[in-house]
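To start, the structure itself, in structure tokens.
The values are calculated or read from the model by the stated rules, or taken from the named source; none is laboratory data. It should be emphasised that the depicted structure is a prediction, and the values quoted were computed from it without experimental measurement. Because the Cβ atoms are built from the backbone with ideal geometry, glycine has one as well, and the counts that use them run over all protein chains shown. What goes into the accessible areas is simple: the full protein's heavy atoms, side chains included, and nothing from ligands, DNA or RNA. Shrake-Rupley method; radii C 1.70, N 1.55, O 1.52, S 1.80 Å.
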Amino acid sequence: MDQQPHYPWGNGSHPQPHAAHSSGYAESGTVPQSPASLTAHVYQHCHASLKWGAVNGADGYIILRGSQAAAMQPIAAVAERAFVDTTTQPGRTYFYSVSAYNRFGKSQPGNYATVSMPCAQQSVAPSCMSAPPRSAMSPYSMPPRPPMPQMPTAPQMPQMPAMPQAPEMPVAPQLQAPAQLCAFAHGSRYIALHWQPLHNGAQYRIFRSQSPWSDYTTVGETTETYYLDAVPEPMTKYYYFVQAMHNGRTSQASTMVEAQSFPALPTPETPQNLRCTAQDSDSVELRWNPANAAAAYVVYARYDQAEEFSIIGHALECSYVHKDAPQDSFVEYRVQAYHDSAASEPSAVCSGRSGNNPRSKCNASPSKRYPNLSWQGFK
């Protein structure tokens, strides 16, 4: 069963770090330098112990680990300049590096160090201690007992032939984590993500948090290599990582990325001076004045004043042609301006008639003629 991945930025003995300096130290206003003099050695036969030099202006340190120097991932964050990795496995070699951070950002990882864990020791039952050799018989000692006669041994039963062992199943290679994940703001309420593909048919799960340390939740799944995430707040920093799934296997988490949504835009102004002009027997051209802060416009129509307005299309410019309109029908139009997080009030109603062909009059409402057009929340 797949488990939700997380960034283990610490363990039971190393919780989320606090400030490494007292409140009175002077802030440098810059990102700290990379830690130096990292050393690693085996601790208590089954753990890895790390130590490194101090970095001025650092609030804490991020521990990175991997099976090779070019593929290390963060595993913990600490405030002190030492760390014991209790999640190592016997017989494996680990590469470690350390990055310093403060309120202005994090440094590049410093030098790396390696440590090879010993293989698991087999438990050996203690052998019985042999009795000390007897000394020569003294005149006061008892004579040794004669040896007991040996009982006849029972005939051995014939051994059953050994059953042939089933061939070992080949171990499926580990699924790689998605690579080259990047994120950037796409307006005040959207963050766009992109990464490199892994396998044909792979599915990707996207995780988001407002903290780099914890509280990641799933925000979506896709088979594409990009995702547009609708974020809750403008002008807010969000953190992401992506996980791949393919043929029942789940990859490790990708590298963590961050992006900040743009500031909230003002509410668009209401479009003014809406004009309707019949083009031919089944089309009407609409024009209006530009509205400040508008990214696009949504166009509404209705054929009966007893009905609600329904969406018939969208426009990036200040014009729209209503094609395939019912011939010789009385139509009312309205236009609304919007951007990614807000919409204006609808414009004043513009009334018009499509063409002048009394032989083909249709009073069907736009919602029945255009059932696939919708724009949630902007009616």
Mind ranking Cys119, Cys276 by accessible surface for me, highest first, 1.4 Å probe?
Cys119, Cys276
If packing is taken as the average count of other Cβ atoms within 10 Å, what order do 197-204, 177-184 fall into, highest mean first?
177-184, 197-204
One checks the Cα atoms of segment 195-314 and finds Rg and Dmax, in Å, of 22.3, 63
Show Asp280, Asp59, Asp215, Asp85 ordered by accessible area, largest first, where the area counts protein heavy atoms only and the probe is 1.4 Å.
Asp215, Asp280, Asp59, Asp85
Report Rg (one decimal) and Dmax (nearest whole number) for segment 258-322, counting Cα atoms only, units Å.
15.2, 54
Charges at C-beta only: +1 for Lys and Arg, -1 for Asp and Glu. How large is the resulting dipole of segment 38-105 about its Cα centre, in Debye rounded to 20?
80
Only Lys, Arg, Asp and Glu count, each charged at its Cβ (+1, +1, -1, -1), so figure out the dipole size of segment 271-356 about its Cα centre, rounded to 20 debye.
240
Work out how far the C-alpha atoms of segment 177-241 reach from end to end along every principal axis, then list the three figures in whole Å, largest first.
36, 25, 18
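Keeping every protein chain in place, order Leu316, Leu274 by accessible area at 1.4 Å, biggest value first, i.e. largest first.
These residues rank, largest area first, as Leu316, Leu274.
Roughly speaking, what is the stretch gain from His199 to Gln260, that is 0.36 nm per residue apart minus the C-alpha to C-alpha distance, in nm to one decimal? Spell out each step's value before the answer.
Details: separation 61, 0.36 × 61 = 21.96 nm, distance 2.99 nm.
My answer for the length gained is 19.0 nm.
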Per-pair calculated FRET efficiency, R0 = 56 Å: Glu308 and Asn56 via Cβ, rounded to 0.05
0.30
Measure off 7 Å from each Cα along the Cα-to-Cβ vector at Gln89 and Gln180, then give the distance between these two points in nanometres to one decimal.
2.9
Compute the distance in nm between two label points, each set 7 Å from the Cα along the Cα-to-Cβ direction, one at Gln33 and one at Ser214.
3.4
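Under a point-charge model restricted to the Cβ atoms of Lys and Arg (+1) and Asp and Glu (-1), what is the dipole moment magnitude of segment 287-327 relative to its Cα centre, in debye to the nearest 20?
Working: 3 positive and 5 negative charges, 36 e Å.
Computed charge dipole of segment 287-327: roughly 180 debye.
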